[in-house]
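To start, the structure under review is shown below, and the notes come after it.
The values are calculated or read from the model by the stated rules, or taken from the named source; none is laboratory data. None of the values given here were measured: they were computed from a predicted structure. Neighbour counts run over all protein chains shown; Cβ positions are idealised from the backbone, glycine included.
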Amino acid sequence: MRLEDVRDVKLYGNEFSPPAQKIVTMLRYYGVPFELVKGRHPTSDYKRIPVLELNGRQVNDSHIIVKNLAEVLTTRTLTTEQLEWEPRITFEFQPSIE
């Protein structure tokens, strides 16, 4: 998938969620139009936030969203260093500020 193929983007979460804000920041930085829907995805069995709907496809968990969305938005795979930083941001930094 390429950036120009990205459409119908909805992010389920809230403005106070650090994991959701990480995704909001990425989408805004790359100029991707999206709708922020407050709360959980209404038809999903996944009960956490954020959940991203992209072209009708659901992606759960901010760590997974970033790993997959970064490649689409930047048109390149994440470097080894970036892949090492993402879990630290998700599982160390974010919980410490929550």
Within segment 60-98, the residues that are part of a helix (DSSP H, G or I), of a type outside the set (S, T, N, Q) and either in contact with a Gly (Cβ under 9 Å, 6 or more places away or on another chain) or under 23 Å from residue 33 (Cα atoms) (or both) are 63, 64, 65, 66, 67, 69, 70, 71, 72, 73
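What residue, among those in segment 1-42 that are of a type in the set (S, T, N, Q) and part of a helix (DSSP H, G or I), is nearest to residue 91 (Cα to Cα)?
So, considering only residues that are of a type in the set (S, T, N, Q) and part of a helix (DSSP H, G or I), the one nearest to residue 91 (Cα to Cα) is 21.
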Looking at the structure I just gave you, is residue 39 at pLDDT 90 or above, surrounded by fewer than 13 Cβ atoms within 10 Å (Cβ to Cβ), over 14 Å from the mean Cα position of the chain (by Cα) and not acidic (Asp, Glu)? yes
